[in-house]
Amino acid sequence: KMLTNDREKYEKFFDTFGLQLKYGVYANYGIEKEGLKDLLLFKSSCEDKYTTLAEYVGRMAESQNDIYYASGDSISKISLLPQTEAVKEKGYEVLYLTDEVDEFAIQMLMHYDGKNFVNILKDDLD
């Protein structure tokens, strides 16, 4: 797997074809989602680089039950939202979804590794 053996090369590949992979998760009622979910990369509040869903889950705080995300035009706009700040203050990471297809792909996946996806802009956060 290029993702694990040559991360830099995979990220360049993802910059070119990542949108198609995300559409692939959403297409045909999600028939390919299980095969594609571990190939997806997202930017997040953790670091200024790509993360996989597995890496996100691996970093989750013990008290964290969900995968948090927010959609927007840009990372800079999402990171300035009060909801993003509130989630980060709890020590939780936020996935930044900036492609139009991102939220559709996340909704098609529904969960990852037993963790539900929670939209910090729409869902009721405690």
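The values are calculated or read from the model by the stated rules, or taken from the named source; none is laboratory data. Because the structure is predicted, anything quoted here is derived from the model rather than measured. Counting neighbours? That spans all protein chains shown, and the Cβs are built from the backbone with ideal geometry, glycine included. Note: accessible area is taken over every heavy atom of the protein model, side chains too, but ligands, DNA and RNA are not part of it. Shrake-Rupley method; radii C 1.70, N 1.55, O 1.52, S 1.80 Å.
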* To do: Check segment 87-96 and report whether any residue there is closer than 19 Å to Glu11 by Cβ, assigned to a loop (DSSP other than H, G, I, E, B) and at pLDDT 95 or above.
  => yes
* Considering each of Ala86, Ala61, Ala105 in turn, give the residue that is aliphatic (A, V, I, L, M) and closer than 27 Å to Gly30 by Cβ. => Ala105
* **Residue list for segment 7-31, restricted to those being basic (Lys, Arg) and touching a residue at least 24 places away in the same chain (Cβ under 8 Å)** => Lys22
* Structure fact -> Being among the acidic types (Asp, Glu), touching a strand residue (DSSP E or B) at 6+ places or on another chain (Cβ under 6 Å) and within 23 Å of Glu34 (Cβ to Cβ) narrows Asp66, Asp99 down to just Asp66
* Please go through segment 90-108 and pick out each residue that is within 11 Å of Ile67 (Cα to Cα) and of a type in the set (A, V, I, L, M, F, W, C). => Val94, Leu95, Ile106
* Would you pick out the residues in segment 75-94 that are out of contact with any helix residue (DSSP H, G or I) (no Cβ under 7 Å at 6 or more places or on another chain) and of a type in the set (A, V, I, L, M)? -> Ile75, Leu80, Leu81, Ala86, Val87
* Tally the residues that are free of Cβ contacts under 8 Å to residues at least 24 places away in the same chain and aliphatic (A, V, I, L, M), restricting the search to segment 32-77. => 1
* Asked: Of everything in segment 11-56 that's exposed (fewer than 15 other Cβ atoms within 10 Å of the Cβ) and of a type in the set (Gly, Ala, Ser), which residue is modelled with the highest pLDDT?
  -> Ala54
* Pull up segment 80-120, narrow it to residues that are free of Cβ contacts under 8 Å to residues at least 12 places away in the same chain and among the aliphatic types (A, V, I, L, M), then point me to the one that is least open to solvent (accessible area, probe 1.4 Å). => Met110
